[in-house]
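Each reported figure results from applying straightforward, stated rules to the coordinates on display, with no laboratory input. From a predicted model like this one, the values you see are computed outputs, not experimental measurements. With ideal geometry, Cβ positions are generated from the backbone for all residues, glycine too; neighbour counts draw on all protein chains shown.
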Amino acid sequence: MGKRILAHGLLGLSALIMLLPFLYQLGLSLTPPGRIFSSPLPLTLPLTLENYQAVLKKLPMARYAANTLTFALGVTLGQLLLALLAAYAFAFRTFFLKEILFALFVGSILVPFVVTYLPSYLLVARLGLLNTFPGLILPMLTAGYATFLLRQHFLAFPKEILEAAHVDGASSWQVLFRVLAPANLPALVALGITLFISAWNQFVWPGLVANHPEMYVLTVAVARFAGGEGSNAWGPMMAASVLATLPAFLLYLAFRRWVLETLMEGGVRG
């Protein structure tokens, strides 16, 4: 019992340490501007929404949120579709150099996206897609990790069911989208949430390709605000950061069990 209490205490302390920056940010965003430096504590009474009101007056947050949502959804749905097709091929199809191609495909996970910024930017610029959603979304549709995870789930699916579907005359497309995809819906949802949060938090690529104010995503808008008129306005700057962070944070909290279970299962299957 003592060891269990100690373990839970350490886990709780670790969680608190991880959440501390966000809690500090949230506390400062609710603190009156004149009292931010009056106390070492991140939260002082009385609480106020003045900082949020100031941000909403200065920044078109609804537009930036819509841009971010469009970008994140486009990346998420695109990666899921490509991952479904690739995972099915690597799991059930036989073709030349299959294992080598799969190793290279999964190896792309190890390549930081920042390495591809310059060639991707030049390609987008030559195609005339700067400051457009296709220019934002298309270069990010690589799905190495998503493909690996779905392949592991597909390999664990009972082959008898797939053989029965083929005997009944189902095509490969029907097997994929009417059998495998519905059967792995929890994994798809959890993977989609993970991809969505990752895209929502992107900063460098959207700031590089979509540098027109009407195309800003939330992360870029907050950074520009912090470097401009909000540079000395700590309360509004914290409020803007909370508004940019909160949707993805709440989405993860709502589906965290699915996400964690799917990622753990994907790592041991196959």
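What's the magnitude of the charge dipole for the chain around its Cα centre, counting Lys and Arg as +1 and Asp and Glu as -1 at the beta-carbon? Answer in Debye, nearest 20.
About 280 debye.
For Kirkwood radius over Cα pairs in Å, one of (1) 22.6; (2) 18.3; (3) 21.5 was computed from the structure I shared and the rest are decoys. Which label?
The value matching this structure is (3).
What distance in nm separates the simple spin-label points at residue 93 and residue 63, each placed 7 Å from Cα in the Cβ direction?
4.3
With charges only on Cβ, +1 for K and R and -1 for D and E, what is the dipole size of the stretch 1-130 about its Cα centre, in debye, rounded to 20?
Rounded to the nearest 20 debye, it is 80 debye.
Do any chymotrypsin sites (Phe, Trp or Tyr not before Pro) in the stretch 90-141 lie in a DSSP loop with no more than 10 other beta carbon atoms within 10 Å, and if so, which?
Filter output for the stretch 90-141: 95, 96.
Among 78, 67, 30, whose Cα lies farthest out toward the positive end of the dipole of the chain, if unit charges sit on the beta carbon of Lys, Arg (+1) and Asp, Glu (-1)?
Result: 30.
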